[in-house]
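The structure under discussion appears below in the form of structure tokens.
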Amino acid sequence: MSEVTEKYPLDTSEQRLTVKEPVPRHDTQGDMDENERLRRAMANLAKNMNRTTATYMEACVHCGQCAEACHYYVQTGDPKYTPIWKLEIFKQAYKRESSPFAPFYRMLGLKKKVTTEQLAEWQELLYDSCTMCGRCSLICPMGIDIATLVGQARHGMFKAGLIPDELHAVAQRAREEGSPLGATAEVFEDRADWMADDIDTRMSASSSST
């Protein structure tokens with residue numbers, strides 16, 4: 001039995017084969033406390049704020065067309081998968097801290113502070129339910145580049161150590177070994193030797209010209 005089959009077992013007792021729905025995970029990296037994670041996330045979300053981002057945040061008219069373009073929403077019908085909703089914590093931080101009416105939002109309590117619980121919840125929406133395919137950006141009548149905003153929100157989550165463990169491992173491997181797949185110089189040389197034997201052609205991965 002493969003590892004994938006063990007993790008997502010097939011239910012053969014029903015008429016049709018089904019895969020058990022995976023439970024959302026809230027992965028964390030680093031030894032930061034919750035306050036430090038929140039501070040880093042907000043600092044990096046604010047760092048990505050510029051005139052273009054602010055225009056996008058103010059331009060949404062909540063028409064819902066992006067929902068019909070998202071395959072996650074189309075398949076589930078769950079409003080939380082609406083593309084623009086995936087940016088809600090980004091928008092919440094903008095409205096409260098950087099928008100023209102930020103003082104009023106804070107004074108009247110119209111926009112609450114983003115919490116660590118929200119960051120954990122939005123980890124699933126930003127990473128596990130978006131492929132950044134850009135369909136929502138293409139269909140938006142206001143020209144909002146939702147996919148790019150998702151990427152910026154992911155950057156804030158990454159700096160706070162709130163990304164899926166698998167992505168963190170890939171980033172660590174790329175930083176330490178120079179390749180996200182672990183293709184070190186030794187691995188490359190071994191693969192070149194294997195290819196040389198396989199195609200019966202002389203290849204040298206150790207020469208200065210390689």
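The values are calculated or read from the model by the stated rules, or taken from the named source; none is laboratory data. It should be emphasised that the depicted structure is a prediction, and the values quoted were computed from it without experimental measurement. Cβ atoms come from the backbone with ideal geometry, glycine included; neighbour counts cover every protein chain shown.
Looking at the structure I just gave you, is GLU68 over 29 Å from HIS168 (Cα atoms), surrounded by fewer than 18 Cβ atoms within 10 Å (Cβ to Cβ) and in the same structural domain as ARG39 (by TED's automatic domain parsing)? Show your work before the answer.
Values: over 29 Å from HIS168 (Cα atoms): yes; surrounded by fewer than 18 Cβ atoms within 10 Å (Cβ to Cβ): yes; in the same structural domain as ARG39 (by TED's automatic domain parsing): yes.
Taking the combined requirement at face value, the residue satisfies it.
Considering PHE90, PHE101, which residue is free of Cβ contacts under 8 Å to residues at least 12 places away in the same chain and of a type outside the set (Gly, Ala, Ser)?
PHE101
Taking the condition in the same structural domain as TRP122 (by TED's automatic domain parsing) and farther than 21 Å from ASP128 by Cβ, does PRO103 pass? Considered against the rule, which asks whether it is in the same structural domain as TRP122 (by TED's automatic domain parsing) and farther than 21 Å from ASP128 by Cβ, PRO103 comes out as yes. Of all residues in the range 15-33, none that is among the basic types (Lys, Arg) and loosely packed, with under 10 Cβ neighbours inside 10 Å has its Cβ atom under 8 Å from the Cβ atom of a residue that is at pLDDT 75 or above and outside any loop (DSSP other than H, G, I, E, B), 6 or more apart or on another chain. For the range 109-147, the set of residues classified as over 11 Å from the mean Cα position of the chain (by Cα), at pLDDT below 95 and of a type in the set (Ser, Thr, Tyr) consists of THR115, THR116, listed by residue number.
When each of TYR94, TYR72, TYR105 is tested for being assigned to a helix (DSSP H, G or I) and over 20 Å from the mean Cα position of the chain (by Cα), the lone residue that passes is TYR105.
Inspect all residues belonging to the range 133-154 and state whether any of them is under 23 Å from ASP31 (Cβ atoms), out of contact with any Phe, Trp or Tyr (no Cβ under 9 Å at 6 or more places or on another chain), free of Cβ contacts under 8 Å to residues at least 60 places away in the same chain and assigned by TED's automatic domain parsing to the domain that holds ARG96. Reasoning before the result, please.
Initial filter on the range 133-154 (under 23 Å from ASP31 (Cβ atoms)): 154.
Okay, now just the ones that are also out of contact with any Phe, Trp or Tyr (no Cβ under 9 Å at 6 or more places or on another chain), so none.
No: zero hits.
Screening the range 49-64 for residues that are farther than 12 Å from ALA153 by Cβ and of a type in the set (S, T, N, Q) and picking the one that is modelled with the lowest pLDDT gives ASN50.
Taken over the range 14-48, residues that are at pLDDT 85 or above, under 18 Å from the mean Cα position of the chain (by Cα), hydrophobic (A, V, I, L, M, F, W, C) and in a loop (DSSP other than H, G, I, E, B) amount to 0.
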